[in-house]
Every structure is written in C-alpha cells, then in structure tokens.
C-alpha cells in the first residue's frame, strides 16, 4: 500500500526501471534462443513472441505497482480542472450553483434542527402535551 502511494509520485523513475526490466527479460530470452542455434535477429524476434505483448506486460506491471483507483481519480481530476479552465463562464455558474445549494441546505437543516430535533427548553420535556379544541359540528348556533 505504501509502495503504491510512493509510485504515484515517482512515475518517470518507475517507468525507466520497468523499461530496463523488460529489456533484460527480452535479452535473456534472446540469449537462450541464440544458444539453441538461432541467428541474433531470429532470436530477438522469437524472444518477443515468447515474451508476449511488451506493452500489455508493462501495463499489467503498472497496475500491480500502483493503487490504480487513486491514479484514475487523479487523472479524472486533472481532466476536470483543464475542462473547467477552458470555460470560465460555465465554471463560475457551476461553482455559484453548488455554493447556493450548500447554503440553502445548511440554512434549512439549521432551522429544522432548531424546531424539530432539539428538545424543548423545559424541565420535563417528556410530560409536555398538546391540547387542541375542535368543534363537534360544523354549525354553531
């Protein structure tokens, strides 16, 4: 987990290490194929075939060494920031709308909390009753 966080911020160094590691694997496979009697060019091509997709292997390694969901979240936030920077009018309206919504919600909850959720300021709030007078018939006379 700690290594995943560390790798988020040292991407260029990790990429260089990964490229060297893949190159060494391909070189070892190429040497093995040359020992079996292939020419250097044939051995290099056979090593690439035996190793499989180099970019797919690199991507699998990247996914394993980082916390991929954090990396994707950071990419999404960078993209959103660039999109908001390109259209300042929309950005202002979006921020104003969110601020207005938060303000209204806070005001309404504060009022509801004061009226409905807090106990009454009396000594024995559980014994308070509500009395109401109603008419038995609709006609008074």
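Label-to-label distance, residue 125 versus residue 34, with points set 7 angstrom from Cα along the beta-carbon direction: 8.5 nm.
Cα axis of helix 40-51 to longest principal axis of the chain: angle in degrees, 0 to 90, nearest 10? Orientation of helix 40-51: about 30 degrees from the principal axis. Measuring nothing but how far apart in sequence close Cα pairs (under 8 Å, 6+ apart) lie, relative to its length, region 21-141 scores a relative contact order of 13 percent. Principal-axis analysis of the Cα atoms of the chain puts helix 68-86 at an angle of about 70° to the longest axis. Using the rule -39500 (n - 2.57) for each DSSP H run of four or more residues, divided by the residues of the chain, the 222 nm mean residue ellipticity is -24000 deg cm²/dmol.
Extending 7 Å from Cα along the Cβ direction at residue 85 and again at residue 42 yields two label points whose distance is 5.4 nm. Sorting the segments 78-88, 121-131, 52-62 by their residues' average number of neighbouring beta-carbon atoms within 10 angstrom, most packed first, yields 52-62, 78-88, 121-131. Multiplying the residue separation of residue 20 and residue 76 by 0.36 nm and subtracting their alpha-carbon distance yields 17.2 nm.
Rule-based calculations on the coordinates, nothing more; no lab input. Here the structure is a predicted model, which means the values were calculated and not measured. Using ideal geometry, Cβ is built from the backbone for each residue, glycine included, and neighbour counts are taken over all protein chains shown.
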